[in-house]
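Heads up, the thing below is written out as structure tokens.
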Amino acid sequence: MTEELRKISKKLSKILKKDRYEHTLGVMYTSASLAMCYGADIRKAMTAGLLHDCGKYLSADDQISFCKKKKIPLTESELEMPALVHAKLGAYLAKHEYKIEDSDILDAITYHTTGRPDMTLLEKIVYIADYIEPNRKEIPGLAQIRKIVFTDIDRAVCLSAGSTVRYLKNGGKAVDPMTINTYNFYKKRRIDMNQSKEMARIAWNALNDKKGEDIKIIDITGISVLADYFIIANGTNDSQVNAMVDNVEEELHKAGYPLKQREGRASGSWVLLDFGDIIVHVFDKENRLFYDLERIWKDGKITDIADL
Ligand SMILES: [Fe+2]
Ligand SMILES: [Fe+2]
């Protein structure tokens, strides 16, 4: 930690509640990890992460009073949802109390709660670090987002904004329009890219080229954050399974979609290839019947290759 960060941290440790301070450190170090992963400025990421909730030392009412006194303009939805106010207030305090002049850092603090369409890398890093830092209690989909974020930060932003919108709506709570804008922007970008359909098409063809049997595509977008499509197929022996696996990996790699994770292989009985947006499962015949993924994922939508 630099001397500047140490000073800020010391001050925050005195004014924030213990849990909030620990969360703050979690966001700082998670932001640093993401900055390393994506080649962002580590010092800026740590500073923004450390200060993102600095406005939370005040109660919600006091935050609003403070903003009024300092003429910090608040939107209607911020007045209706005081939990949002600390973001804008935090950026003000970062500038005036903690003497941070860098507008990248101040923007990352301003948008850490709601996000915004087309965020900068630093904004995305702090937004998602706030969502996934290690002290966050388990919520559905968190484990997957924690994993996805290190390979596809836009997808992680889309998933976390989507789950925030769902969580608030299901709880009968109001959703800030900016959060909805963030979600819609990243959702649309993903659909526009049509990336997962192209990947599924390439995987299907690669399996088909190696005479894979009964190749199924299951659309799991509506039921899981794991991926958009599962592609399931089987070979009749180990060497065919291995040939199918190699061809899928090679064809997707050529198209610019590198493999993110592989599980299984030696025996060739079940190989899982995780490409982020799609997951390919290649079995031998016996194990395909035994594991029966189609039954486990029956709530997904069986999709014909012609529809992709
Ligand atoms: Fe916050
Ligand atoms: Fe936070």
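Just so you know, all these numbers are worked out from the coordinates, no wet-lab data involved. What you are looking at is a predicted structure, and each value in this text was computed from that prediction instead of being measured. Heads up, the Cβs are rebuilt from the backbone with ideal geometry, glycines too, and the neighbour counts pull from every protein chain shown.
For the list (1) away from ligand 1 (no atom under 16 Å from the Cβ); (2) over 26 Å from Glu22 (Cα atoms); (3) more than 12 Å from the chain's Cα centre (by Cα), I need the number of the one condition that Asp152 fails. Only one criterion is unmet by Asp152, namely (3).
Only helices (runs of 4 or more DSSP H) whose full extent lies in segment 18-88 are considered here, and the ones with at least 2 residues that are within 15 Å of ligand 2 (Cβ to nearest atom) are 18-38, 42-51, 60-69. In this structure, Lys124 does not satisfy being basic (Lys, Arg) and either closer than 21 Å to Lys7 by Cβ or surrounded by fewer than 20 Cβ atoms within 10 Å (Cβ to Cβ) (or both).
Within segment 3-15, residues that are surrounded by 13 or more Cβ atoms within 10 Å (Cβ to Cβ) reach partners that are of a type outside the set (Lys, Arg) and outside any helix (DSSP H, G or I) with beta carbons closer than 8 Å, at six or more positions or on different chains, in the pairs Ile8/Tyr98; Ser9/Met1; Lys11/Tyr98. Restricting attention to segment 147-179, the residues that are surrounded by 16 or more Cβ atoms within 10 Å (Cβ to Cβ) and in contact with a Ser or Thr (Cβ under 9 Å, 6 or more places away or on another chain) total 11. Here is the figure for segment 89-113: residues that are outside any helix (DSSP H, G or I) and either in contact with a strand residue (DSSP E or B) (Cβ under 9 Å, 6 or more places away or on another chain) or more than 10 Å from ligand 1 (Cβ to nearest atom) (or both) total 7.
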